[in-house]
Amino acid sequence: MKKLFYTLLFLLLFATSARAEQMADDVGTTFFFEKPYTRIISLYAAHTENLFNLGLDTEIIGVSKTEDYPYQALNKPRFSTHDGVEKFLAAKPDLVLIRPMQFRGYPGLWNALKKHGIRVLALQPNTIDEMYKYWRKLGRLTGRELQAERMIGEFKEGIETALQRIDTIPMNERPWVFFESIHKKFATFSPGSMPIFVMKTAGGRNIAADAKPRHGTNIASYGLERMLHKAAKIDVYLAQYGAMNQVEVRRIMNGPAASRIKAVRDRNVFLVDEHLVSRPTMRLLEGINAVHRLLHPGGNH
């Protein structure tokens, strides 16, 4: 059945490949394109990782200066929003992929590239459903629609496996979790965000489900007072660590009124690599497995 599905999908894609396609990015840019882009500069690590998963090693001609995965990306020329237009033009890209925050921060650079006929697109999904659409867009842009559908299929299979793993754990036995995004602000993540999806799929319950998104991002303001109001019920305190949140377990455990937090008293304070919970890539499955081991030690992993 799966083989038949991919065969029919291939025939459909082949039949429609000659037509110009319309697409819109996440800042409202609408455009048409008739053929796949083949010289791509990616200025967001998630774009880069997903492009490699689509099998586009040759087509990627440049990446951001903060790349760390996969290893092939380390051998690509490095670009930055602080580079001059001339460096981009010298590489002769036909597509530059960025994030909305980069689009808003450096309009002069993008306008200059567009004047030279270079397509600049800002993409960044905030939810799992948006991630599927984002993967499909990358597939359409690069002529790798079939590979994008395979990514989605494999990811959904991984999610189904994770859900089956926690299906035997009664809801009242799943730990209440506070998932920190930015320590100095005691911020968490918005309820529909990828990190919260990872935590819940790993078998946890979000104690900050009343958090509100900030400025349309997956970061949600919460604050020390609100968090401490629920401190006695927090079984596990998770914090993403990385460029966005450079924090240590010791700092959390020695923080203001930390002794009031049940997870601190029980020494259930853990750090999770932000790359595994915040980036819209296949590695979210690794994040689910990592968080599951923290929330359910000794369980069926």
With each run of n ≥ 4 DSSP H residues scored as -39500 (n - 2.57), what mean residue ellipticity at 222 nm is computed for the chain after dividing by its residue count and rounding to the nearest 500 deg cm²/dmol?
-11500 deg cm²/dmol
Send over the semi-axes of the stretch 13-151's equivalent ellipsoid, whole angstrom and largest first, taken as the square roots of 5 times the C-alpha gyration tensor eigenvalues.
22, 18, 15
How big is the gap, in Å, between the Cα center of the stretch 31-109 and the Cα center of the stretch 257-272?
40
DSSP bridge pairs, the chain: antiparallel proportion in percent, nearest 5:
30
Alpha-carbon Rg/Rh ratio, for the stretch 173-295, with Rh computed the Kirkwood way:
0.92
Taking the simple approach of a point 7 Å from Cα along Cα-to-Cβ for both Lys35 and Thr66, what is their distance in nm?
3.5
Taking 25 Å as R0, compute the FRET efficiency from the Cβ-Cβ separation of Asn172 and Arg267 and round it to 0.05.
0.65
Quick one: if you take sqrt(5λ) for each eigenvalue of the C-alpha gyration tensor of the stretch 95-144, what semi-axes come out, biggest first, whole angstrom?
22, 15, 4
Put a dot 7 Å past each Cα toward the Cβ at Ala243 and Leu163; how far apart are the dots in nm?
3.3
May I ask for the net charge around Tyr241, where only other residues with Cβ less than 11 Å from the Cβ of Tyr241 are counted and Lys, Arg are +1 while Asp, Glu are -1?
-3
Once the in-chain neighbours fewer than 8 apart are removed, the lysines whose Cα is under 17 Å from Lys233 read Lys200, Lys262
Give the order of His229, His292 when sorted by the count of other beta carbons within 10 angstrom, beginning with the fewest.
His229, His292
Starting from the alpha-carbon convex hull of the chain, give the projected area averaged over all orientations, in nm².
17.3
Residues Ser64, Ser193, Ser221, Ser80 arranged by fewest to most Cβ contacts within 10 Å:
Ser80, Ser221, Ser64, Ser193
Just grab the label-to-label distance for Lys114 and Ala257, each label 7 Å out from Cα along the Cβ direction, in nm (one decimal).
4.8
Which of the trypsin sites (Lys or Arg not before Pro) found in the stretch 51-94 are loop residues per DSSP with 16 or fewer other Cβ atoms within 10 Å of their Cβ?
Lys65
Return the loop-located trypsin sites (Lys or Arg not before Pro) in the stretch 239-301 (DSSP other than H, G, I, E, B) with at most 13 other Cβ atoms within 10 Å of their own Cβ; answer none if there are none.
Arg267
Computed ³J(HN,Hα) along the stretch 130-146: with the Karplus parameters 6.51/-1.76/1.60, θ = phi - 60°, integer Hz and x for glycine or proline, the list is 5, 4, 4, 5, 5, 4, 5, 4, 4, x, 5, 4, 10, x, 10, 4, 5
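Read the figures in this text as sums done on the coordinates, not as results from a lab. On a predicted model such as this, the values are computed, not experimentally measured, just so you know. As a convention, Cβ positions derive from the backbone with ideal geometry for all residues, glycine included, and neighbour counts pool all protein chains shown.
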